[in-house]
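The structure appears below as C-alpha coordinates.
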Amino acid sequence: GIKYSMVYLIWFLFLFCKNHGFDKLANITRFLSFFWLCAQSLLVIELSFQLNDYIASNNSGGILVLASGLFAAAGIWGCTVLYDSYAGCEEGWWFVNTTVVMSVLAMGLSVVDSVGVGLLPGTVLFAYSVFMCWYALLSATSLECNPTADKSELDSHQKSRAFWMVMGVTGVCMGFMIYTGSKIITILTGEEVTSVGDVVAQKEAAAAAQPGMDEILTSDVSDKTPLKVQPKAEPDEDAADATPDTTQTDSNSACCCAGLATSKPSEMNLGEPKEETVFFHFLMLILIMYCTMTLTSWGRTDGAPEAVGSSVEPDQSLYIKISVQWLTFGFFFLACKVSYNAGCEDESDQCLFCWEGDEEEA
(Lines give C-alpha, C1' and ligand atoms only; values in the text may rest on other atoms or scores of the structure.)
Protein backbone atom coordinates (compact mmCIF):
# COMPACT_ATOMS: atom_id res chain seq x y z
CA GLY A 1 0.00 0.00 0.00
CA ILE A 2 2.89 2.37 0.70
CA LYS A 3 4.27 2.08 -2.84
CA TYR A 4 0.93 2.92 -4.44
CA SER A 5 0.39 5.80 -2.03
CA MET A 6 3.78 7.26 -2.99
CA VAL A 7 2.97 6.95 -6.70
CA TYR A 8 -0.35 8.78 -6.30
CA LEU A 9 1.31 11.42 -4.14
CA ILE A 10 4.00 12.09 -6.76
CA TRP A 11 1.35 12.26 -9.47
CA PHE A 12 -0.63 14.76 -7.40
CA LEU A 13 2.45 16.93 -6.80
CA PHE A 14 3.18 16.99 -10.52
CA LEU A 15 -0.12 18.84 -11.02
CA PHE A 16 1.42 21.86 -9.30
CA CYS A 17 4.85 21.58 -10.94
CA LYS A 18 5.76 24.34 -13.40
CA ASN A 19 7.26 23.77 -16.84
CA HIS A 20 10.82 24.54 -15.81
CA GLY A 21 10.53 21.75 -13.25
CA PHE A 22 9.71 19.26 -16.00
CA ASP A 23 12.64 20.61 -18.02
CA LYS A 24 15.00 19.79 -15.16
CA LEU A 25 13.39 16.37 -14.74
CA ALA A 26 13.92 15.65 -18.45
CA ASN A 27 17.60 16.55 -18.20
CA ILE A 28 18.00 14.31 -15.16
CA THR A 29 16.31 11.37 -16.86
CA ARG A 30 18.53 11.92 -19.90
CA PHE A 31 21.61 10.94 -17.88
CA LEU A 32 19.86 8.28 -15.79
CA SER A 33 18.75 6.57 -19.01
CA PHE A 34 22.41 5.66 -19.49
CA PHE A 35 22.06 3.01 -16.77
CA TRP A 36 19.01 1.41 -18.37
CA LEU A 37 20.73 1.27 -21.76
CA CYS A 38 23.68 -0.51 -20.10
CA ALA A 39 21.27 -2.97 -18.47
CA GLN A 40 19.54 -3.44 -21.83
CA SER A 41 22.87 -4.32 -23.44
CA LEU A 42 23.51 -6.91 -20.73
CA LEU A 43 20.04 -8.33 -21.29
CA VAL A 44 20.64 -8.69 -25.03
CA ILE A 45 23.99 -10.43 -24.46
CA GLU A 46 22.55 -12.74 -21.82
CA LEU A 47 19.55 -13.60 -23.99
CA SER A 48 21.79 -14.44 -26.95
CA PHE A 49 23.96 -16.71 -24.78
CA GLN A 50 20.96 -18.56 -23.38
CA LEU A 51 19.33 -19.00 -26.80
CA ASN A 52 22.59 -20.33 -28.23
CA ASP A 53 22.99 -22.84 -25.38
CA TYR A 54 19.35 -23.90 -25.55
CA ILE A 55 19.37 -24.51 -29.30
CA ALA A 56 22.77 -26.26 -29.19
CA SER A 57 21.65 -28.54 -26.33
CA ASN A 58 18.73 -29.76 -28.45
CA ASN A 59 21.09 -30.66 -31.33
CA SER A 60 19.33 -28.18 -33.62
CA GLY A 61 22.32 -27.08 -35.65
CA GLY A 62 20.17 -26.04 -38.60
CA ILE A 63 18.02 -23.75 -36.49
CA LEU A 64 21.14 -22.21 -34.94
CA VAL A 65 22.64 -21.46 -38.35
CA LEU A 66 19.33 -20.07 -39.60
CA ALA A 67 18.88 -17.77 -36.60
CA SER A 68 22.47 -16.57 -36.87
CA GLY A 69 22.00 -15.91 -40.58
CA LEU A 70 18.87 -13.84 -39.92
CA PHE A 71 20.63 -11.64 -37.37
CA ALA A 72 23.64 -11.27 -39.67
CA ALA A 73 21.35 -10.29 -42.56
CA ALA A 74 19.62 -7.74 -40.34
CA GLY A 75 22.99 -6.27 -39.39
CA ILE A 76 24.14 -6.06 -43.01
CA TRP A 77 20.88 -4.38 -44.06
CA GLY A 78 21.27 -1.92 -41.18
CA CYS A 79 24.82 -1.10 -42.31
CA THR A 80 23.61 -0.28 -45.81
CA VAL A 81 21.02 2.09 -44.34
CA LEU A 82 23.63 3.74 -42.13
CA TYR A 83 26.09 4.27 -44.98
CA ASP A 84 23.33 5.54 -47.25
CA SER A 85 21.62 8.07 -44.96
CA TYR A 86 23.55 8.53 -41.69
CA ALA A 87 27.26 8.62 -42.58
CA GLY A 88 27.32 11.91 -44.47
CA CYS A 89 29.07 13.87 -41.74
CA GLU A 90 32.47 13.10 -40.23
CA GLU A 91 30.99 12.13 -36.88
CA GLY A 92 28.54 9.65 -38.38
CA TRP A 93 31.21 8.21 -40.69
CA TRP A 94 33.46 7.38 -37.73
CA PHE A 95 30.60 5.88 -35.72
CA VAL A 96 29.44 3.63 -38.57
CA ASN A 97 32.95 2.42 -39.45
CA THR A 98 33.74 1.72 -35.80
CA THR A 99 30.54 -0.29 -35.51
CA VAL A 100 31.43 -2.43 -38.53
CA VAL A 101 35.03 -3.08 -37.45
CA MET A 102 34.15 -3.97 -33.86
CA SER A 103 31.27 -6.20 -34.98
CA VAL A 104 33.55 -8.16 -37.32
CA LEU A 105 36.05 -8.66 -34.48
CA ALA A 106 33.28 -9.79 -32.13
CA MET A 107 31.83 -12.28 -34.61
CA GLY A 108 35.28 -13.65 -35.37
CA LEU A 109 36.05 -14.09 -31.70
CA SER A 110 32.73 -15.78 -30.98
CA VAL A 111 33.35 -18.63 -33.44
CA VAL A 112 36.79 -19.53 -32.02
CA ASP A 113 36.56 -22.99 -30.45
CA SER A 114 38.71 -22.13 -27.43
CA VAL A 115 36.42 -19.22 -26.55
CA GLY A 116 33.33 -21.40 -26.71
CA VAL A 117 30.75 -18.64 -27.13
CA GLY A 118 29.03 -19.81 -30.29
CA LEU A 119 27.88 -18.29 -33.55
CA LEU A 120 24.56 -16.79 -32.45
CA PRO A 121 25.82 -14.32 -29.78
CA GLY A 122 28.24 -12.71 -32.24
CA THR A 123 25.56 -12.12 -34.88
CA VAL A 124 23.09 -10.83 -32.28
CA LEU A 125 25.72 -8.36 -31.11
CA PHE A 126 26.29 -7.29 -34.73
CA ALA A 127 22.60 -6.53 -35.29
CA TYR A 128 22.21 -4.83 -31.90
CA SER A 129 25.31 -2.66 -32.30
CA VAL A 130 24.05 -1.46 -35.69
CA PHE A 131 20.73 -0.66 -34.03
CA MET A 132 22.49 1.31 -31.28
CA CYS A 133 24.54 3.27 -33.84
CA TRP A 134 21.37 4.20 -35.73
CA TYR A 135 19.65 5.02 -32.43
CA ALA A 136 22.47 7.37 -31.46
CA LEU A 137 22.57 9.15 -34.83
CA LEU A 138 18.85 9.91 -34.52
CA SER A 139 19.96 12.63 -32.06
CA ALA A 140 22.44 14.23 -34.48
CA THR A 141 21.77 17.84 -35.40
CA SER A 142 23.21 17.60 -38.92
CA LEU A 143 20.97 16.58 -41.81
CA GLU A 144 23.90 14.63 -43.30
CA CYS A 145 23.89 12.35 -40.24
CA ASN A 146 20.18 12.53 -39.41
CA PRO A 147 17.72 12.99 -42.28
CA THR A 148 14.90 13.82 -39.83
CA ALA A 149 16.87 16.40 -37.81
CA ASP A 150 14.66 19.27 -39.04
CA LYS A 151 11.33 17.52 -38.39
CA SER A 152 9.43 16.95 -35.18
CA GLU A 153 8.06 13.57 -34.24
CA LEU A 154 4.49 14.68 -34.98
CA ASP A 155 5.43 15.73 -38.52
CA SER A 156 7.68 12.78 -39.39
CA HIS A 157 6.37 9.27 -39.99
CA GLN A 158 9.96 8.04 -40.01
CA LYS A 159 10.49 9.27 -36.45
CA SER A 160 7.23 7.66 -35.37
CA ARG A 161 8.31 4.30 -36.82
CA ALA A 162 11.70 4.69 -35.14
CA PHE A 163 9.98 5.30 -31.80
CA TRP A 164 7.97 2.08 -32.01
CA MET A 165 11.03 0.13 -33.12
CA VAL A 166 12.97 1.40 -30.11
CA MET A 167 10.09 0.58 -27.77
CA GLY A 168 9.82 -2.89 -29.30
CA VAL A 169 13.45 -3.66 -28.43
CA THR A 170 12.87 -2.24 -24.95
CA GLY A 171 9.75 -4.36 -24.51
CA VAL A 172 11.58 -7.58 -25.39
CA CYS A 173 14.38 -6.74 -22.96
CA MET A 174 11.90 -5.82 -20.23
CA GLY A 175 10.09 -9.13 -20.63
CA PHE A 176 13.34 -11.06 -20.42
CA MET A 177 14.35 -9.01 -17.37
CA ILE A 178 11.10 -9.86 -15.58
CA TYR A 179 11.61 -13.55 -16.39
CA THR A 180 15.22 -13.84 -15.25
CA GLY A 181 15.47 -11.15 -12.54
CA SER A 182 19.02 -10.27 -11.57
CA LYS A 183 20.58 -13.26 -13.39
CA ILE A 184 21.83 -10.86 -16.09
CA ILE A 185 24.86 -10.04 -13.93
CA THR A 186 26.13 -13.62 -13.73
CA ILE A 187 27.62 -13.39 -17.22
CA LEU A 188 30.11 -10.78 -15.93
CA THR A 189 30.92 -12.33 -12.56
CA GLY A 190 32.10 -15.65 -13.99
CA GLU A 191 29.54 -17.63 -12.01
CA GLU A 192 27.65 -20.53 -13.51
CA VAL A 193 24.92 -19.19 -15.77
CA THR A 194 21.69 -21.13 -15.35
CA SER A 195 19.67 -21.46 -18.50
CA VAL A 196 15.89 -21.37 -18.68
CA GLY A 197 15.65 -25.13 -19.12
CA ASP A 198 17.89 -25.74 -16.09
CA VAL A 199 15.73 -23.50 -13.92
CA VAL A 200 12.57 -25.40 -14.88
CA ALA A 201 14.28 -28.77 -14.33
CA GLN A 202 15.54 -27.70 -10.91
CA LYS A 203 12.06 -26.57 -9.85
CA GLU A 204 10.49 -29.84 -11.03
CA ALA A 205 13.13 -31.90 -9.21
CA ALA A 206 12.63 -29.93 -6.01
CA ALA A 207 8.87 -30.36 -6.23
CA ALA A 208 9.24 -34.11 -6.79
CA ALA A 209 11.55 -34.43 -3.79
CA GLN A 210 9.06 -32.74 -1.47
CA PRO A 211 6.56 -35.20 0.09
CA GLY A 212 2.93 -34.49 -0.69
CA MET A 213 0.39 -33.64 1.98
CA ASP A 214 -1.39 -36.99 1.55
CA GLU A 215 1.91 -38.80 1.99
CA ILE A 216 2.65 -36.88 5.20
CA LEU A 217 -0.82 -37.49 6.66
CA THR A 218 -0.96 -41.20 5.80
CA SER A 219 2.64 -42.13 6.58
CA ASP A 220 3.44 -44.19 9.66
CA VAL A 221 5.38 -41.97 12.02
CA SER A 222 5.00 -44.15 15.08
CA ASP A 223 8.65 -45.09 14.94
CA LYS A 224 9.69 -41.45 14.63
CA THR A 225 7.42 -40.00 17.32
CA PRO A 226 6.74 -42.70 19.90
CA LEU A 227 3.73 -42.06 22.07
CA LYS A 228 4.69 -44.54 24.77
CA VAL A 229 7.67 -44.31 26.99
CA GLN A 230 10.09 -47.08 26.11
CA PRO A 231 11.57 -49.11 28.94
CA LYS A 232 14.84 -47.68 29.95
CA ALA A 233 18.02 -49.44 30.77
CA GLU A 234 19.80 -49.01 34.04
CA PRO A 235 20.00 -45.29 34.78
CA ASP A 236 23.38 -43.71 34.87
CA GLU A 237 24.59 -40.37 36.09
CA ASP A 238 24.39 -38.67 32.69
CA ALA A 239 20.77 -39.73 32.14
CA ALA A 240 19.75 -38.44 35.56
CA ASP A 241 20.81 -34.91 34.58
CA ALA A 242 18.63 -34.84 31.46
CA THR A 243 15.67 -32.48 31.64
CA PRO A 244 12.14 -33.28 30.31
CA ASP A 245 12.55 -30.72 27.55
CA THR A 246 15.71 -32.41 26.33
CA THR A 247 14.03 -35.83 26.37
CA GLN A 248 11.07 -34.54 24.38
CA THR A 249 13.36 -32.92 21.84
CA ASP A 250 15.37 -36.10 21.39
CA SER A 251 12.26 -38.25 20.91
CA ASN A 252 11.00 -36.05 18.08
CA SER A 253 14.34 -35.26 16.45
CA ALA A 254 13.69 -37.69 13.59
CA CYS A 255 10.25 -36.30 12.75
CA CYS A 256 9.78 -34.91 9.24
CA CYS A 257 8.89 -31.50 10.74
CA ALA A 258 11.70 -31.47 13.30
CA GLY A 259 13.50 -28.20 13.59
CA LEU A 260 10.72 -25.99 12.23
CA ALA A 261 9.52 -24.96 15.65
CA THR A 262 13.00 -24.15 16.92
CA SER A 263 14.35 -22.59 13.73
CA LYS A 264 14.72 -18.86 13.47
CA PRO A 265 12.72 -16.92 10.86
CA SER A 266 15.95 -15.76 9.21
CA GLU A 267 16.94 -19.39 8.62
CA MET A 268 13.76 -20.24 6.71
CA ASN A 269 13.35 -19.78 2.98
CA LEU A 270 11.12 -16.71 2.79
CA GLY A 271 11.42 -16.15 -0.97
CA GLU A 272 13.84 -14.23 -3.13
CA PRO A 273 16.84 -12.52 -1.53
CA LYS A 274 16.44 -8.86 -0.76
CA GLU A 275 19.31 -8.00 -3.11
CA GLU A 276 17.40 -9.40 -6.10
CA THR A 277 14.25 -7.52 -5.13
CA VAL A 278 16.11 -4.22 -4.72
CA PHE A 279 17.98 -4.75 -7.98
CA PHE A 280 14.76 -5.54 -9.86
CA HIS A 281 12.99 -2.44 -8.53
CA PHE A 282 16.00 -0.29 -9.39
CA LEU A 283 15.91 -1.52 -12.98
CA MET A 284 12.18 -0.82 -13.18
CA LEU A 285 12.77 2.70 -11.85
CA ILE A 286 15.38 3.61 -14.41
CA LEU A 287 13.25 1.94 -17.10
CA ILE A 288 10.42 4.35 -16.30
CA MET A 289 12.83 7.26 -16.53
CA TYR A 290 14.13 5.94 -19.84
CA CYS A 291 10.59 5.74 -21.22
CA THR A 292 9.99 9.38 -20.33
CA MET A 293 13.11 10.23 -22.32
CA THR A 294 11.98 8.31 -25.40
CA LEU A 295 8.68 10.22 -25.45
CA THR A 296 10.64 13.34 -26.38
CA SER A 297 12.90 11.44 -28.82
CA TRP A 298 15.84 12.36 -26.57
CA GLY A 299 15.35 15.96 -27.66
CA ARG A 300 13.68 18.90 -25.99
CA THR A 301 10.55 18.94 -23.88
CA ASP A 302 8.91 21.45 -26.23
CA GLY A 303 9.04 18.97 -29.13
CA ALA A 304 11.43 21.03 -31.27
CA PRO A 305 13.54 18.96 -33.74
CA GLU A 306 17.26 18.45 -33.24
CA ALA A 307 18.38 20.98 -35.87
CA VAL A 308 16.40 23.82 -34.30
CA GLY A 309 17.85 25.84 -31.43
CA SER A 310 20.73 24.82 -29.20
CA SER A 311 22.63 21.61 -29.88
CA VAL A 312 23.48 20.91 -26.24
CA GLU A 313 20.66 18.45 -25.50
CA PRO A 314 20.92 16.53 -28.81
CA ASP A 315 24.70 16.21 -28.49
CA GLN A 316 24.36 14.94 -24.94
CA SER A 317 21.83 12.34 -26.07
CA LEU A 318 24.01 11.27 -29.00
CA TYR A 319 27.13 10.65 -26.92
CA ILE A 320 25.21 8.94 -24.12
CA LYS A 321 23.82 6.40 -26.57
CA ILE A 322 27.01 5.87 -28.56
CA SER A 323 29.01 5.42 -25.34
CA VAL A 324 26.60 2.63 -24.36
CA GLN A 325 27.30 0.98 -27.71
CA TRP A 326 31.02 1.04 -26.98
CA LEU A 327 30.38 -0.42 -23.54
CA THR A 328 28.28 -3.16 -25.15
CA PHE A 329 31.35 -4.33 -27.09
CA GLY A 330 33.30 -4.26 -23.83
CA PHE A 331 30.63 -6.35 -22.09
CA PHE A 332 30.73 -8.90 -24.89
CA PHE A 333 34.52 -9.17 -24.90
CA LEU A 334 34.45 -9.59 -21.12
CA ALA A 335 31.86 -12.36 -21.51
CA CYS A 336 34.13 -14.04 -24.05
CA LYS A 337 36.99 -13.86 -21.57
CA VAL A 338 34.83 -15.47 -18.86
CA SER A 339 33.80 -18.24 -21.27
CA TYR A 340 37.41 -18.84 -22.31
CA ASN A 341 38.67 -19.00 -18.72
CA ALA A 342 35.85 -21.35 -17.74
CA GLY A 343 37.09 -23.86 -20.32
CA CYS A 344 40.69 -23.82 -19.03
CA GLU A 345 41.49 -26.48 -16.48
CA ASP A 346 44.86 -24.95 -15.62
CA GLU A 347 44.73 -21.45 -14.15
CA SER A 348 47.96 -20.54 -15.92
CA ASP A 349 46.13 -20.87 -19.27
CA GLN A 350 43.48 -18.28 -18.30
CA CYS A 351 45.03 -15.33 -20.09
CA LEU A 352 42.69 -14.24 -22.90
CA PHE A 353 43.30 -10.52 -23.66
CA CYS A 354 46.39 -10.55 -21.41
CA TRP A 355 50.04 -11.60 -21.55
CA GLU A 356 50.61 -13.12 -18.12
CA GLY A 357 52.28 -16.15 -19.63
CA ASP A 358 55.00 -14.03 -21.23
CA GLU A 359 55.80 -12.42 -17.89
CA GLU A 360 56.11 -15.79 -16.16
CA GLU A 361 58.45 -17.11 -18.86
CA ALA A 362 60.63 -14.02 -18.54
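The values are calculated or read from the model by the stated rules, or taken from the named source; none is laboratory data. Just so we're clear, the structure is a prediction, and the values are computed from it rather than from any experiment. Note that each Cβ is placed from the backbone with ideal geometry, even for glycine, and that neighbours are counted across all protein chains shown. The area values use the complete protein model at the heavy-atom level, side chains included, leaving out ligands, DNA and RNA. Shrake-Rupley method; radii C 1.70, N 1.55, O 1.52, S 1.80 Å.
See the values below:
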{"item": "Rounded FRET efficiency, nearest 0.05, which uses the C-beta distance separating Asn59 from Ser323 and R0 of 35 Å", "result": "0.30"}
{"item": "The stretch 149-170 and the stretch 67-123: distance between their alpha carbon centers, rounded to Å", "result": "23 Å"}
{"item": "Binned Cα-Cα distances of the stretch 1-147, short to long, each 10 Å bin given as a whole percent", "result": "10, 28, 26, 17, 15, 4, 0"}
{"item": "Largest-first ordering by accessible area, 1.4 Å probe, given options Arg30, Arg161", "result": "Arg161, Arg30"}
{"item": "Gain upon complete extension [Cys344, Ile28; 0.36 nm per residue less C-alpha separation]", "result": "109.3 nm"}
{"item": "Virtual spin-label span in nm between Glu90 and Ser311, 7 Å along Cα→Cβ", "result": "1.1 nm"}
{"item": "Computed E for Gln158/Leu9 - FRET, C-beta separation, R0 41 angstrom, nearest 0.05", "result": "0.55"}
{"item": "Relative contact order, percent, the stretch 54-130 [alpha-carbon distance under 8 Å, six or more residues apart]", "result": "38 percent"}
{"item": "Extension gain from His281 to Val81, taking 0.36 nm per residue of separation minus the Cα-Cα distance", "result": "68.3 nm"}
{"item": "The stretch 100-152 - Kirkwood radius from inverse mean 1/r over Cα pairs (Å)", "result": "12.6 Å"}
